[in-house]
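Okay, structure first, notes after.
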Amino acid sequence: MKLLEVKDLNIEFYDVNPPQKVVKGVSFSMEKGEVLGIVGESGSGKTQTALSILRLLKSGSQISSGQIFFKGRDLAGYTREELQRVRGRKIAMIFQEPMTSLNPVLTVGSQIEEGLLLHTQLSPEERKKRALLAMEEAGLGEVKKLYGKYPHQLSGGMRQRVMIAAALVTEPELLIADEPTTALDVTVQAQILELLKEINKKHGMGILFISHDLAVIRRLCSRVLVMNEGRVEEEGEIHKVFEQPEKEYTKKLLAAIPHRRESLRKRRRG
Amino acid sequence: MKREKRNYNFILGAGLILFMLAFLLIGCFFTPYDPDAMDGGAKLAGPSLSHLFGCDHFGRDMLSRVMKGTGTTFFVALTTVALGGGLGIFIGAFTGYFGGWVDEVLMRFNDAVVSFPPILLALVFISLLGPGKYNVILALAIVLIPSFARITRSEFLRQREMDYVKSARLMGASHLRIMFVHIFPNALSSVLSMAAIGFNNAVLMEASMSYLGIGVQPPDASLGRMLSESQTYLLSAPWCAVFPGAAVILLALGFSMLGDGLVKKGGR
Amino acid sequence: MKYLLKKTGTLIITLIIVSFFSFLAFSIIPGDAAKSRLGTEATKEQVEMLQKELGLDKPVLVQYGNWLKNFVTGDMGESYSYSMPVQELLQDKIPVTIALTVMAFLIILLLSVPLGIFTAQHEGQWLDRVIMVLNQIVMSVPGFFLGILITFLFGLVLKWFTPGAYVPVSESFFGFLGYLIAPSAAIALPRCAMGVKMLRSAVLSQLEKDYVRTAYARGNGQRRVMYRHVLKNAMLPVLTFWGMTIADIVANSMVIEQVFTIPGMGSLLIASISNRDYPVTLGIIVLVASLVIVVNFLVDILYGRIDPRVRVRQ
């Protein structure tokens, strides 16, 4: 049984006139413990695809047709309560903006623990113990001190680690990461990628990794899905896609990488 | 692409104001009766074809009195906003544009004043100046200065760093010219919505103070005073309260909707 | 702790500045208190004697110091028109105004919080639209006119209470509170409408935030997202509004007391303004102003407790 299977997914923005299709017939699947990357430019529909899995689309957009199977069951058939039990418990998600994705008035600790509070019967002491463990695993130092701090006291990289700890704490089977490194600077970006790799190995947690950056995808994923204008342009093993791309679009994307590298290096030097 | 929502607040607010304006402008030149003429036979007469809004306890025609009273209220509000708004804009423009310790001190003072309820400040000034139409205008104008100064200042503070200001300076434009020819038009939309809010406040406060007997004094017709007098005959002649009250509400409502509408327009 | 100390310092300075300006406005500007008390026929010696007695021959700052010392110990001077100490005049009026303020504030809280949340949750639906239209209208009704309408409808037509038949607290506690329901509703409703509008837009703007999506992604239900995550953030701007509202209620209760013939501080203030009874005016203004300042202080403290960012930045 596949971990995740998306079949002929269509997503529509209906608060614009005329309604606009942003995802057009996307299909893909993931095995247990697999790290799948979705790459594409902004507006390619990759984020909408990721959000639709947990049905977190903003009001004004909706799945117009298609199915999303999680371990063989169609998420579309879930009631709101069932869906809530999957969110954060079986499938966790982290987002692009660690600056704004955490609640500014709640402590780091209480936000990491929340998944346990919602999905388990654990005692407060046990919850705290597991939260601290997850924080350590996410590479946060001085976890006891950090536990009572507020998000604004942390750097961007630390906040993204907090997000990851909050996702890890319930030991989900799938982690959806929507551009988790885009807002971070390059060194922190590398650390976060290493961290995700480790977690994948240690827990066998499947990761669906969304990025506009092919270089980042290459470092982490075993398979990649190239999206363009709401469609899947190309799909395949990471090496195959990188070394023998079939489509013009993929070639164009690949051609952009070294250039980006170059400019980054220049920027760091200057 | 996005479906435009119609700015109902703006349309309805402007409509209400125009309606009330027509009502009071007619009242300036023509009223069905002399607003001060007493008709002993028509004391507390209900609304009828000859007296659309009924008559008060002296037999004076309420429609004529409400027309005049609306005029007084509007006049007070207009002069208040012109005076207080003008001064506030001036202060805000200078402190925002030049900054420095004067700005610092004035804004601290402003913050303190803004935290006090406007009606309380107005009462303080009235108790020092004494009652009367022109003192009300003065008192309310003083009360309005800080909020205008604040909003103008923040606009000027934002605009003065913009490129068009820098280039104007390079072209050799004088400070005054930059402030009022270049920057002010850009600050206009927030100043205008502030003006609408100021009108709304002025209308409500003038009515309250006249109601208390420390605002507009007779012989000037005033909606607040009419409401205060109506209370004695409330059961037998509710129209004496309803029509002046409705006039106050329509004016205040018009300005508050206009203000909301302007905010929405400015935001786009 | 540092935050608290700093705020307390500001509180004391503000209190001193405001009371000084009020003192200046009401004791110095109106002219010689001795002359106005003795009348125009007093001899020069009599005026000078009274001036000395009242300390009017001393410099302004000394006069202010003496006045402040007396004021803090409860001595607010003597009323011109009633020939009795101001504090005695105020004694039984302050509780009335406080009761009115508390009741009005409770009405605002109890109505505007649920309505604000409800309308935000049902944004754009017909019930939300109806409430928001009503809201806009109620906001533009002056409190005293609302008082007149309430008097007419509930007092004269439905006879739920007798207009003008104020019940002193010494006579019957519940009768007293019962009579205050109508006036506190008259003060509360327009502000309640503003409160609904504020809270609704605060909640709506919070619902757009990224952390709300995170909360849903973690498995929170709609209720929990609202009450645990959104509301605490949305309360911040509303808190400031509430602080201003308390001050606003006190100020407007002065007007409403007139409508319902309640013998509170407001009626006394209006009378003292009309009679140019400056010691009474000064006493009431300084009391109310101090209340405003203290409430603002408390709001700042509360704000710091809810919003961790404020505490640390200071």
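The values are calculated or read from the model by the stated rules, or taken from the named source; none is laboratory data. All values reported here derive from a predicted model rather than from experimental measurement. Every residue, glycine as well, gets a Cβ built from its backbone with ideal geometry; the counts of neighbours run over all protein chains shown. With ligands, DNA and RNA removed, areas are computed over all heavy atoms of the protein, side chains included. Shrake-Rupley method; radii C 1.70, N 1.55, O 1.52, S 1.80 Å.
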Regarding B:PHE109, is this residue outside any helix (DSSP H, G or I), within 14 Å of chain C (Cβ to nearest Cβ) and within 23 Å of C:ILE285 (Cα to Cα)? no
Complete set of residues in the range C:192-201 that are of a type in the set (Lys, Arg) and either in contact with a His (Cβ under 9 Å, 6 or more places away or on another chain) or surrounded by fewer than 23 Cβ atoms within 10 Å (Cβ to Cβ) (or both): C:LYS197
Can you tell me which residue is nearest to the other protein chains (Cβ to nearest Cβ) among those in the range C:22-47 that are surrounded by 14 or more Cβ atoms within 10 Å (Cβ to Cβ) and at pLDDT 75 or above? C:ALA25
Inside the range B:159-258, counting only helices (runs of 4 or more DSSP H) that do not spill past its ends, which hold 2 or more residues that are in contact (Cβ under 8 Å) with a residue 40 or more places away in the chain, under 27 Å from C:ASN252 (Cα atoms) and not hydroxyl-bearing (Ser, Thr, Tyr)? B:184-212, B:223-230
Which listed residue is within 14 Å of chain A (Cβ to nearest Cβ) and of a type in the set (A, V, I, L, M), from C:ALA247, C:ALA215, C:ALA251: C:ALA215
Looking at the range B:242-253, can you tell me whether even one residue there is more than 8 Å from every other protein chain (Cβ to nearest Cβ), open to solvent by 60 Å² or more (accessible area, probe 1.4 Å) and not aliphatic (A, V, I, L, M)? no
Per the filter on the range C:75-97, residues open to solvent by less than 40 Å² (accessible area, probe 1.4 Å) and assigned to a helix (DSSP H, G or I) are C:VAL86, C:LEU89, C:LEU90, C:VAL96, C:THR97
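For A:LEU133, state whether it is of a type in the set (A, V, I, L, M), open to solvent by 20 Å² or more (accessible area, probe 1.4 Å) and either within 18 Å of C:ASN220 (Cβ to Cβ) or not in a loop (DSSP other than H, G, I, E, B) (or both).
Values: of a type in the set (A, V, I, L, M): yes; open to solvent by 20 Å² or more (accessible area, probe 1.4 Å): yes; either within 18 Å of C:ASN220 (Cβ to Cβ) or not in a loop (DSSP other than H, G, I, E, B) (or both): yes.
Against the criterion (of a type in the set (A, V, I, L, M), open to solvent by 20 Å² or more (accessible area, probe 1.4 Å) and either within 18 Å of C:ASN220 (Cβ to Cβ) or not in a loop (DSSP other than H, G, I, E, B) (or both)), A:LEU133 qualifies.
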If a residue has to be open to solvent by 40 Å² or more (accessible area, probe 1.4 Å) and more than 23 Å from the chain's Cα centre (by Cα) to count, how many in the range C:138-155 make the cut? 3
Any residue at all in the range C:250-258 that is under 19 Å from C:SER19 (Cα atoms), in contact (Cβ under 8 Å) with a residue 24 or more places away in the chain and outside the structural domain of C:GLY9 (by TED's automatic domain parsing)? yes
Please specify each residue of the range C:266-292 satisfying the condition of being modelled with pLDDT of 85 or more, open to solvent by 10 Å² or more (accessible area, probe 1.4 Å) and of a type outside the set (A, V, I, L, M, F, W, C). C:SER290
Residue list for the range B:57-101, restricted to those being within 16 Å of the chain's Cα centre (by Cα) and open to solvent by less than 10 Å² (accessible area, probe 1.4 Å): B:GLY69, B:THR70, B:THR73, B:VAL76, B:ALA77, B:THR80, B:GLY84, B:GLY85, B:GLY88
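Within the range A:221-229, identify whether any single residue is hydroxyl-bearing (Ser, Thr, Tyr) and at pLDDT 85 or above, and answer yes or no.
Taking the range A:221-229 as the starting set, the residues that turn out to be hydroxyl-bearing (Ser, Thr, Tyr) are A:222.
Okay, now just the ones that are also at pLDDT 85 or above, so A:222.
The answer is yes; a qualifying residue exists.
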Check whether at least one residue in the range A:20-33 is part of a loop (DSSP other than H, G, I, E, B), over 28 Å from A:ASN200 (Cβ atoms) and not β-branched (Val, Ile, Thr), and report yes or no. no
Could you run through the range A:78-95 and say how many residues are within 27 Å of A:LEU196 (Cβ to Cβ), in a helix (DSSP H, G or I) and at the interface with another protein chain (Cβ under 8 Å from one of its Cβ atoms)? 3
Looking only at the range B:222-231, how many residues end up being hydroxyl-bearing (Ser, Thr, Tyr) and more than 10 Å from every other protein chain (Cβ to nearest Cβ)? 1
Would you check which residues across the range B:202-221 are modelled with pLDDT of 85 or more and away from chain C (no Cβ under 11 Å) and list them? B:ALA202
Tally the residues that are open to solvent by 30 Å² or more (accessible area, probe 1.4 Å) and in contact with a Lys or Arg (Cβ under 9 Å, 6 or more places away or on another chain), restricting the search to the range A:192-222. 5
Of the candidates C:LEU177, C:LEU189, C:LEU204, the one satisfying the condition of being touching an Asp or Glu at 6+ places or on another chain (Cβ under 7 Å) and open to solvent by 10 Å² or more (accessible area, probe 1.4 Å) is C:LEU204
Among the numbered criteria (1) facing chain A (nearest Cβ under 10 Å); (2) surrounded by fewer than 21 Cβ atoms within 10 Å (Cβ to Cβ); (3) touching a residue at least 24 places away in the same chain (Cβ under 8 Å); (4) of a type outside the set (Lys, Arg), which single criterion is violated by C:GLY221? (3)
Scan of the range B:115-137 for residues that are open to solvent by 40 Å² or more (accessible area, probe 1.4 Å) and touching a residue at least 24 places away in the same chain (Cβ under 8 Å), ordered by number: B:PRO118, B:PRO131
When residues of the range A:140-160 are filtered for being buried (at least 17 other Cβ atoms within 10 Å of the Cβ) and over 18 Å from A:VAL105 (Cα atoms), how many remain? 3
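For every residue, the table says whether it meets (1) assigned to a loop (DSSP other than H, G, I, E, B); (2) surrounded by fewer than 18 Cβ atoms within 10 Å (Cβ to Cβ); (3) not aromatic (Phe, Trp, Tyr).
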{"residue": "A:GLY43", "(1), (2), (3)": "yes, yes, yes"}
{"residue": "A:THR47", "(1), (2), (3)": "no, no, yes"}
{"residue": "A:ALA50", "(1), (2), (3)": "no, no, yes"}
{"residue": "A:GLN62", "(1), (2), (3)": "no, yes, yes"}
{"residue": "A:SER65", "(1), (2), (3)": "no, yes, yes"}
{"residue": "A:ALA76", "(1), (2), (3)": "no, yes, yes"}
Looking at (1) open to solvent by 50 Å² or more (accessible area, probe 1.4 Å); (2) of a type in the set (Gly, Ala, Ser); (3) within 14 Å of chain C (Cβ to nearest Cβ), which is the one condition that is false for B:GLY172? (3)
Could you grab me the full set of residues in the range C:164-192 that are farther than 30 Å from C:LEU134 by Cα, touching a residue at least 12 places away in the same chain (Cβ under 8 Å), hydrophobic (A, V, I, L, M, F, W, C) and out of contact with any Gly (no Cβ under 6 Å at 6 or more places or on another chain)? C:ALA165, C:VAL169, C:PHE176
Determine which single condition C:ALA120 fails, assuming it passes every other condition in (1) within 26 Å of the chain's Cα centre (by Cα); (2) closer than 21 Å to C:LYS197 by Cα; (3) surrounded by 17 or more Cβ atoms within 10 Å (Cβ to Cβ). (1)
Residues of the range A:95-130 satisfying the condition of being open to solvent by less than 40 Å² (accessible area, probe 1.4 Å) and touching a residue at least 60 places away in the same chain (Cβ under 8 Å): A:PHE95, A:PRO98, A:SER101, A:LEU102
